[in-house]
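*Asks:* Dumping the structure here so I can ask a few things about it.
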Amino acid sequence: MDALRWRELSSWLDQLLELDEDGRLVRLREVAGRDPALAAELERMLAHARDSEQFMAQPVFSAPGSSREGTRIGPYRLLRLLGEGGMGEVWLAERCDGMYERKVALKLLRSGLAEPGLHARFARERQILARLQHPHLAQLHNAGIDPQGHPYFALDYVQGEPITDYCQHGMLPLDERLWLMLQVCSVVAHAHANLVVHRDLKPSNILVADGAVKLLDFGIAAAAAGEPRAFTLHYAAPEQVRGDPLSTRTDVYSLGVVIYEVVTGHKPYRLRRQSDSEWERSILDVQPLPASRRLLQGEAGMPVQPAARRLARRVRGDLDLLLGKAMAKDPQQRYGSVDALAEDLRRFLDGRPLRAHPPGTGYRLRKYLRRHRWGVAGASLALSALLAVSTMAVWQARQARQETARAQAMQDFNIGLFDRAASVRHGHFDVRQLLETGQQRAHAELAGQPLALAEMEGVIGRLYIGLGDYEVALRVLDQQRTLLQAQADVPGALQLEAVTQRARALRMLGRDRECVAHLQSAAHIADQQQDLLPTAVAGFASELAHCQAPLGQVRAARAAFIRALALYQRGEGNPRGIAGALAGLAGLDADAGLDARALEGYQQALALLQRAAPGTPEAIGMRRQLGQMLARSGQASDAAAALDQAWQSAVQAFGPDHPETLVVQRARALLALQQGRRAWAGPVLGEVRDKLALALGPEHREVGLAEHALGELAQADGDVPGRLSHYRNAVRIWRQPGQVALLPQGLLDLGEAERAAGSPARAAAAWREARQLLIAQRGIPSAAVRQLDLRLARLPQPAEQMSPATANN
């Protein structure tokens, strides 16, 4: 039966099945008068539906999902059913072979199904997932065959919600919704680059967890050449409904539908009745309602809210055009690729002209004026353009003269500084002496050019940060701040750089609350400059995330890292910035116990950095974090190689006593301790603690981490008093404001040490405090809280809570 005939039959069946028996007979007689063959076919289908009614009421598989709870499949134990589809079930499962602990989403065939074709589809999905590697894709961990000979595979367990629900529940602004969709576009483009068409993009396959997207379910994905017809109708492209060959533009259409729903909260078609045939008719023949108009229609019988009107004004024009092109009926009229769709999404967010818009000077001028908000109200467009261009020319000329003078002053100053230093020291520089001399000369020679002086202070402050002299750096950057506050017209780039570097110095000193407050006081500057200076704003957002994470502000930190990543990716991109944001997100994953995702994030960030900027100092920290994750995952030899390389690079770049070098050395010593090399690890850990306290101060969080490491050393030695002493020191340091993110782990380990020392009451107190902090940071359902509850339940009750008879025994 061809597609046209089936659509006709399907439409009639929908109508007939909605009628009672008498009504069906009347309608069938009408059809028979016009088309006897059609009426006969409809009668056969109706008879078949009646005969099969009882059969269709029974499940097609014999074993209910709940009966499989607790079943072991490969190295996994099934915990509970998460969902099921036409061919498969997805279970929450845990690793139970003792190798390591991990919760996964285990996908396997539904009970009782053993068709060879399903096995082939399962195998194809496994192969597709094995060759796709992307931070926004649920990654494949393992695969195998269950005891019945059926295939299974294990994926990331994503605790998120569909992207549409996440946007609606969180009442996210439009820009944040579109940033999420840019993440979706990036992973779909990655699949297309690997010659895979997803074919079933829909909100239930796009989950958001902690502000990051995860794409799921490649069960009907296919090679770009095409495979059998399968899809979810509401998000299907016209060629899928017709049964025509598919291409990457099929996914472009589905992405357009999802973006439409994410923006408006509604699907793009208003149906006359809810039926598959009506959906097919709309997809094939009806033009989607522009998103701006759908927003103004609101809900039936309800007035349109002011927020919806404001959103409609923002959507009208460019975003309507973008969605219309993405959802064009003819695949050739759509965006040629997901990358092209994503490029126009970024252009919309930046206020730049869309590639999809017909070229025209007027359109580009309007976009330029709107982006920079220099239009003059009440004047004609021509006059507005003339005034804006004239104003811009005058302003740019003045700014150019100022920038040229400042740059020349900076150049002359730097050349003179290094020439004199070289003549005094015969080409060998003492860097700290050079910076002290430079600061003195800057105040003498650049006193008449306050912006040049402020910029020089910023350069000196950054260099002190690089040297690990964070207190000195903060003093210099405070002087820069005072200079800039006295100026009326400071370039945006200089403002953002100054704020970001001062925040960085505060973070390095462990003063994270001050860091966040300082950055938030300048958030309006970042918002104003985002279109003009995306890279500078990305650095600002990344620094904010780094300061929020130690405070336990996980959701805010993740959102800030995602913002930084999106801004770094604009235009030509910034590989170092992108790598830093990816590493920041990986760090949040590591703190949340998502080891596999964190490991993958660090590997991706380091690979990007090594390709784009090999040998940069940022690679040292990333390699250290990668080594720590490898050690945590049981890959000791790989961890040792990564940490040794990080240490050698740190010594070469910073010297042996720099804080970053000492942190790497601590990680190496902890790994050595795990490997049984106590004789080397013990002295090194003590030396690292003492040097960090000298460099950073005795109350710094890194000193707390060093005390915690010494507690692990004491535990390995069986030194109970030493273990308690070091863990108590770590907890004392981490109780300071701004270090609360580290406190739960410290309390957990202190509680265990108290229990081992025979003090269950102190153990319970530490664990209860840790539990409160974990709930505040992660919520009650977290695995860490549940494990802590089990620990508390196993503690012996205090004597006063026992019966007298029990207490006397």
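The values are calculated or read from the model by the stated rules, or taken from the named source; none is laboratory data. Bear in mind the structure is a predicted one, so any value in this text is a computation, not a measurement. So basically every Cβ, Gly included, is an ideal-geometry build from the backbone, and we count neighbours across all protein chains shown.
*Asks:* Return the total of residues in region 283-314 being within 23 Å of ARG249 (Cα to Cα) and either surrounded by fewer than 20 Cβ atoms within 10 Å (Cβ to Cβ) or in contact (Cβ under 8 Å) with a residue 40 or more places away in the chain (or both).
*Replies:* The qualifying residues number 6.
*Asks:* Separate question: LEU694 passes all but one of (1) part of a helix (DSSP H, G or I); (2) touching a residue at least 24 places away in the same chain (Cβ under 8 Å); which number fails?
*Replies:* For LEU694, the exception is condition (2).
*Asks:* Out of LEU567, LEU588, LEU606, LEU671, report the one residue that is assigned to a helix (DSSP H, G or I), free of Cβ contacts under 8 Å to residues at least 60 places away in the same chain and within 26 Å of GLY746 (Cα to Cα).
*Replies:* Matching residue, one of LEU567, LEU588, LEU606, LEU671: LEU671.
*Asks:* Of the residues LEU588, LEU608, which is at pLDDT 85 or above and outside the structural domain of LEU137 (by TED's automatic domain parsing)?
*Replies:* The conditions single out LEU588.
*Asks:* Out of the residues in region 185-205 that are in contact with a helix residue (DSSP H, G or I) (Cβ under 7 Å, 6 or more places away or on another chain) and among the β-branched types (Val, Ile, Thr), which is nearest to ARG309 (Cα to Cα)?
*Replies:* Applying the filter and picking the extreme gives VAL188.
*Asks:* Would you check if there is a residue in region 5-13 being at pLDDT below 80, under 51 Å from the mean Cα position of the chain (by Cα), assigned to a loop (DSSP other than H, G, I, E, B) and among the hydroxyl-bearing types (Ser, Thr, Tyr)?
*Replies:* No - not one qualifying residue is present in region 5-13.
*Asks:* Quick one: in region 186-218, which of the residues that are part of a helix (DSSP H, G or I) and either in contact with a strand residue (DSSP E or B) (Cβ under 6 Å, 6 or more places away or on another chain) or assigned by TED's automatic domain parsing to the domain that holds VAL104 (or both) is farthest from ASP156 (Cα to Cα)?
*Replies:* PRO203
*Asks:* Any residue at all in region 685-704 that's over 36 Å from the mean Cα position of the chain (by Cα), acidic (Asp, Glu) and under 26 Å from CYS547 (Cα atoms)?
*Replies:* Looking through region 685-704, at least one residue is over 36 Å from the mean Cα position of the chain (by Cα), acidic (Asp, Glu) and under 26 Å from CYS547 (Cα atoms).
*Asks:* Surrounded by fewer than 18 Cβ atoms within 10 Å (Cβ to Cβ) and not small (Gly, Ala, Ser) - does that describe any residue in region 539-554? Spell out how you get there, then give the answer.
*Replies:* At the first step, the residues of region 539-554 found to be surrounded by fewer than 18 Cβ atoms within 10 Å (Cβ to Cβ) are none.
Scanning region 539-554 turns up no residue that is surrounded by fewer than 18 Cβ atoms within 10 Å (Cβ to Cβ) and not small (Gly, Ala, Ser).
*Asks:* Quick check, is ARG334 over 27 Å from LEU284 (Cβ atoms) and modelled with pLDDT of 55 or more?
*Replies:* In short, no.
*Asks:* Then there's this: Tally the residues that are assigned to a helix (DSSP H, G or I) and within 12 Å of TYR157 (Cα to Cα), restricting the search to region 591-601. Steps first, answer last, please.
*Replies:* Pass one, region 591-601, residues assigned to a helix (DSSP H, G or I): 591, 595-601.
Those still in the list that are within 12 Å of TYR157 (Cα to Cα) too: 595-597.
Residues that pass the stated criteria total 3.
*Asks:* So, in region 476-492, how many residues would count as being part of a helix (DSSP H, G or I) and surrounded by 15 or more Cβ atoms within 10 Å (Cβ to Cβ)?
*Replies:* Final tally of qualifying residues: 8.
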